[in-house]
Amino acid sequence: MKRRSTWTIDEWILALDTYFMLKPNEIRHDNPLIIELSQTLRSLPIHGDARNDKVFRNAYGIEMQVARFLPLDRAISIVRFKESSNLQRKVWNMYSQDKGHLHEVALAIKNSLPLPFEFSHFPDVDEDNFPYGKILYQYHRYVENTSLPAKKFKEGHKRRGFLGCEICGFDFYTTYGEVRRSFIEAHHTLDITKYTKEMDVKIVDFIAVCSNCHNMLHRI
């Protein structure tokens, strides 16, 4: 028996965005928006080879999962569906009161595909705390750690000699000595909802931060 792939925050964001485009009686497997959502989820790089399975994220399953938002929606008096998952409720609580922002995040996920790098199925420890999902988190970290503008930004800071955090002022060299003289992290400040696969990464969109501040910036 094949193991069922657990839904991720990315998928629930996309599903909730679709949910708000539909009336309750329109949540059907043959609805064009449900079919489109099925195709989108099947295109995501998150679940690897599972995408090759014909029944993976098919329209019938999508219908059932999207309908699980109904009991969470106080504007709807329908409660005949199974209880929502913890992650689904988390996404509902984060996004249901700002549908415009939700739609921006959903579009950013779609507009970032195909990714300009290989998606990692071994995420780092902070990925689950990122409110925009795995795809945009890994894209954001790719820009910060691998892109040429990020490297040039850090090299420019090293040449100037001061590597203090632009948020709290912490200087690794002052605290830890010579071993950390050239250490600093680059945070990409462009709004995540503006990410696309063709976006122009600019040096001016980075700030120098310490590890603690960088971690917190990824949680807000």
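The values are calculated or read from the model by the stated rules, or taken from the named source; none is laboratory data. This structure is a prediction, so every number in the text was calculated from the model and none was measured. Using ideal geometry, Cβ is built from the backbone for each residue, glycine included, and neighbour counts are taken over all protein chains shown. For the accessible areas, the whole protein counts, side chains as well, though only heavy atoms, and no ligand, DNA or RNA atoms are used. Shrake-Rupley method; radii C 1.70, N 1.55, O 1.52, S 1.80 Å.
Please give the helix 32-43 orientation as an angle from the longest Cα principal axis of the chain, in degrees from 0 to 90, rounded to the nearest 10.
40
Output the 0 to 90 degree angle, nearest 10, between the alpha-carbon long axis of helix 99-111 and the longest principal axis computed from the alpha carbons of the chain.
So the inclination is approximately 70 degrees.
Against the longest alpha carbon principal axis of the chain, how many degrees, from 0 to 90 and to the nearest 10, is the axis of helix 9-19 turned?
With rounding to tens, the tilt is 50 degrees.
Express in nm, to one decimal, how much length is gained between Leu87 and Ile220 on full extension, taking 0.36 nm for each residue of separation and deducting their alpha carbon distance.
Computed gain between Leu87 and Ile220 is 46.1 nm.
Nearest 500 deg cm²/dmol is fine: what mean residue ellipticity at 222 nm does the chain get from its DSSP H runs of n ≥ 4 alone, each adding -39,500 (n - 2.57), divided by its residue count?
-12500 deg cm²/dmol
With a 1.4 Å probe and all protein chains left in place, how much accessible area per residue does the chain have, in Å²?
58
Taking every pair of Cα atoms in the chain, average 1/r, invert it to obtain the Kirkwood radius, and report Rg/Rh to two decimals.
Answer for the chain: 1.05.
Would you kindly calculate the translational diffusion coefficient of region 19-94, applying Stokes-Einstein with the Kirkwood radius from alpha carbon pairs, for 10 °C and a viscosity of 1.306 mPa s, and quote it in µm² s⁻¹ without decimals?
120
Between Arg159 and His101, what is the FRET efficiency for a Förster distance of 45 Å, r being their Cβ-Cβ separation, to the nearest 0.05?
Efficiency computed from Cβ-Cβ geometry: 0.70.
What is the calculated FRET efficiency for Lys110 to Arg74, with r their C-beta to C-beta distance and R₀ = 25 Å, to the nearest 0.05?
Plugging the Cβ-Cβ distance into 1/(1 + (r/R0)^6) gives 0.35.
Computed FRET efficiency, Cβ-Cβ of Ser211 and Asp191, R0 30 Å: what is it to the nearest 0.05?
0.85
Could you give the nm distance between label points at Asp49 and His121, where each point is 7 Å from its Cα heading toward the beta carbon?
0.7
Can you list residues from other chains, or at least 5 along the same chain, whose modelled amide H is less than 5 Å from the amide H of Glu185?
Amide H neighbours of Glu185, under 5 Å, 5+ apart: Val209.
List the pairs from Lys154/Lys197; Lys154/Lys202; Lys110/Lys152; Lys134/Lys194; Lys99/Lys197 whose alpha-carbon separation is above 19 Å, in the order I gave them.
Lys154/Lys197; Lys110/Lys152; Lys99/Lys197
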